[in-house]
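The values are calculated or read from the model by the stated rules, or taken from the named source; none is laboratory data. Computed from a predicted model, the values in this text were never measured in an experiment. No Cβ is skipped: glycine too gets one built from the backbone with ideal geometry, and neighbour counts run over all protein chains shown. In case anyone asks, the SASA skips ligands and DNA or RNA and just uses the protein heavy atoms, side chains included. Shrake-Rupley method; radii C 1.70, N 1.55, O 1.52, S 1.80 Å.
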Amino acid sequence: MIKPRTESSPPKETHAIRKSCEETLEVMGTKLIVLIDDLDRCLPQTTISTLEAVRLFLFLENTAFVIAGR
């Protein structure tokens, strides 16, 4: 009746999200292009957090990131 608790950790969860995104893009037969602009207008901590999040997904198949600045 009670399902055993699965072992979870941030790296495992990140890997699962990356895999799911790649599989979804492959099934859809499309590419994902993410445009990031105006980071120069953000507070430093927001900029760092955004770039760290991008880094997690930087090397996904069928995905491109464009970071614009002045």
Please enumerate the residues belonging to the range 30-61 that are open to solvent by 60 Å² or more (accessible area, probe 1.4 Å) and touching a residue at least 40 places away in the same chain (Cβ under 8 Å). LEU56
Mind checking which residues of the range 7-43 are acidic (Asp, Glu) and within 17 Å of ARG55 (Cβ to Cβ)? GLU13, GLU22
Here are some residues: GLU26, GLU7, GLU22. Which one is of a type in the set (D, E, K, R) and open to solvent by less than 100 Å² (accessible area, probe 1.4 Å)? GLU22
